[in-house]
Structures are given as C-alpha cells and as structure tokens.
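Everything on this sheet refers to the single structure shown next.
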Amino acid sequence: MRRRGSSSTWSNLVIKAFRFRAFECSPISPAKTYTYRIHRLPLPSSSSISAISAHLRFYSTDFHGELSTDLIRIMEQRLSAIEHRSTVLNQFINQPEASQMEYAKANKELRKLRHSMDLISELRTKQKEIEGLKSLITETSEDRELLGMAYQEMGLAREEERKLQMQLLESLLPKDDADERDCILEVRAGTGGEEASLFAMEVFKMYERYSQKNGWKFEVIDIAESDLKGYKEASGAISGSGAYGKLKFESGIHRVQRVPITEKSGRIHTSAVSVAILPQADEVDVQLRNDDLRIDTYRSGGSGGQHANTTNSAVRITHIPSGLTVAIQDERSQHQNKAKGLKVLCAKLYEMERSRIQTNRSKLRAEQIGSGDRSERIRTYNFPQGRVTDHRVGITHHSINDVLQGDSLDVFIEALLLQQEKDAIATFTDS
C-alpha cells in the first residue's frame, strides 16, 4: 500500500545532500560549478528508510572532485598541529612525575588522536610514494613501457591520497566530544495532565525499543507513575557505542495531538512531554566530594501490599554547590539507588559544564537544528492524521506507529545528523 505524504520532502532532502556534496567539492573556489540531475524519488517503505538515510549521509562525506588548494593548506596546518600535540602527549605520559589524574587526561586525549594519527601516517607514506614516482617518471622519460607503468601507479597513488585526505577531513570536522558516550534519558510529562503522563510512557518505551534495535543496553533508573499508570517522570541509562551522538537532538518538547482515553466528547487535546538526553560522565570529567553532597534516605512510595517498602531504601542526593537534587527509589536496595543517583547527578553536572563552555565560546554549532533546550517544540505526533513532524528539518513521516515502535525514528535522527555534518563543513572552512 502506498504511504500518504509529500514525496517532495524526500526529494528536497536528496537535493540538499547533493548540494552539500557540490559545496564540499569546492568550498573555497565558487567559480567551479558542479551540476547533478535530480530525479524525483518515490516515498520509501519503512524497511528501507534507514538504508536511504545512510545513503544520504554517504554523499555528505564522499565526492569524486578534487580538494581545493586552500582547503588542503588548511588541512595540512591542522595535521601538523595534531602530530605536534601527539608528540608532546607521548613525552608527557612517559614522565615519572606525572600524577595519576594528569596521566589519565593525557592518555584520554591520545586515544582521541589515535585514529587521526593512523590516517596521517598512511597519508605521509602515500605522499612519499608519490614523490618517488615523480622522480621515477623524470628519470625514465625515454622508456615508454616503464613510463606507462609509473603513470598507472601514480594514478592509483593519487586516488589513495585523495581518499585518505577525505577521511582526515571528516575526522577534523568539529565534533561534540561527548558523541561516543553513553547517555541518560529523562522523560517528563508536561501540560496535559494524565494524557501527558500516558504519552510520556509511550515516548520512554519508544526510546527503549530504539535502543534495543541498535544493540544498546537500556537500564531503567527511576519511574514515577501517575494514577492511570502513565509516567509523570521516567529516567533510564542507555549504554552503547555512539548512543549520545545519535540521540542528543531528541532533547526538547515532544507534542502530542489526539483524543485522550478520558475524553468522552471525542475532542482532540494537545499535550506535551519534555525529553532530555544527557551524556554520561566519568570520574575524569566530574569529581564529587563527599563534603559537597547531602544524602537523605526515606521510604519509597508504591502500590502497597506485599511490595510495600518497609525500609529507608529511597535516596535523595543534593549537590550543595549547584543545588541539583536527584531522587531515586526504583531499587529495593539503598546502595543500588545511591549508585544510580550518583550516575544521574554526574551526568547533570557534566552537562551543566558543557553548556557553560559552549555558551562562552560561541553559538552552538547546531543552531539551525536547535540547541536541544527543553523549551523548544521540536516534534509533533498527530494521531488523527497518523503523522509525525519534526519542525527543525521539516520532515513528516506518515506512520506514527512505526515511529513509536522505534522502527522509523531514524528518519528524523539521520536527517538531523546530515544537517549537523553540513554545518560542520561550513564551520571548518570558515575557521
């Protein structure tokens, strides 16, 4: 069955991807023109959405043109700086007077540079090979057979050099250092009473399903239920490669339009749920002093009966300097609740510091996408029309059930990541 919706949405997204590709081919030389024939695309089925999204992102980092001289010059400056920094860090960690904390920070930075250093090493080796082939061509100008072989090898070497340069360009683009981290998910019911709580439960479970489909570990931290078994508040820990990088643009206001189960006259109500995605912090990022913490214990609330909590297992942790408070009562063990609470508190403090640094430096790189602030309305789930619309990238998907099952959430996530990559290229060439 053909899905309803605007096929121009997908065509426009493809056009943006191709324009991005042309822009990347010659970001410094506007005189060069690249023309592509854009074909109107049919709407994809749910099973092919992820593949198409990945295909679009492919075009944002791969092209068949040559890098401009100015862009190569900028890259070489960055590569030299990385080589120098790597040398300094390697010398530092071999000094016996380095403290354990300083060693950990230096080693962490070295791990971040390792991928770029491996590519730089390959590029330098390939460039030496090209120089050797140039000398061979000069020396054997009269030997046609040998000259032909040398030119053939030169063509292959140049192609390998171009690929390595492109991989390095991608690695040099501005990135969020937290992208590869695990994350904390927080969902809160907003305006709309019980209907908002019920939708908060659906949204929370949507991310749980999406995490499972990506092979990530999903752990419930705490849930506060409403009278109709919806979620007033719910939090979870998502662990897996690149979890925060994929989910960070989910932060914001998710609006739902539908007829609530409590509505007898059949009127459509509008409710809202806030979603926060926080990168998890480690001990190197956030240090908690016992003197800065106030930990209170109390009996957790519940349904009563045989599961009634008769011990002070619930934990409330207050970070005195910042005033942040975290309360956890999901586990029956006080120690387990305390451990979960400290994990959430560290994530909140780490996000506060990240936000402060980003604000002081400049506007956020993702300005066109949205800052992720929870005061923004980012997405609308319209049940009567069976559609989900993301207001930041203007994409509407006409299968709301597929989105809530976690199957089609990548429609929006991949489009947002594509926009982020486009902004990153612009930031690189402007710097």
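Odds and ends about this structure:
- Computed with a 1.4 Å probe on the full set of protein chains, the accessible area for Glu233 sits at about 90 Å².
- Peptides 220-231, 267-278 ordered by packing proxy, namely the average of other Cβ atoms within 10 Å per residue, highest first: 267-278, 220-231.
- Set Lys246/Lys422; Lys105/Lys163; Lys128/Lys175 screened for pairs whose C-alpha atoms are more than 24 Å apart: Lys105/Lys163; Lys128/Lys175
- The listed peptides 237-249, 171-183, ordered by packing as a protection proxy, come out as 237-249, 171-183 (highest mean of other Cβ atoms within 10 Å first).
- Between Gln287 and Met352, residue separation times 0.36 nm minus the direct Cα-Cα distance comes to 22.0 nm.
- Lys128-Arg316 pseudo-label distance in nm [points 7 Å out on the Cα-to-Cβ vector]: 6.6 nm
- For the range 122-195, the fraction of 1.4 Å probe accessible surface lying on carbon and sulfur atoms is 49 percent.
- Relative contact order, percent, the range 183-276 [alpha-carbon distance under 8 Å, six or more residues apart]: 38 percent
- Once the Cβ-Cβ distance of Glu170 and Ser99 is raised to the sixth power relative to R0 = 22 Å, the FRET efficiency obtained is 0.05.
- Per-pair calculated FRET efficiency, R0 = 30 Å: Leu156 and Lys112 via Cβ, rounded to 0.05: 0.45
- When Tyr210, Tyr350 are compared by accessible area at a 1.4 angstrom probe, the order from most to least is Tyr350, Tyr210.
- The 1.4 Å probe gives accessible areas that order Arg73, Arg299, largest first, as Arg299, Arg73.
The values are calculated or read from the model by the stated rules, or taken from the named source; none is laboratory data. All values reported here derive from a predicted model rather than from experimental measurement. Reconstructed Cβ throughout: ideal geometry from the backbone, glycine too, with neighbour counts over all protein chains shown. Each accessible area value is taken on the protein alone, full model and side chains, heavy atoms only, with ligands, DNA and RNA left out. Shrake-Rupley method; radii C 1.70, N 1.55, O 1.52, S 1.80 Å.
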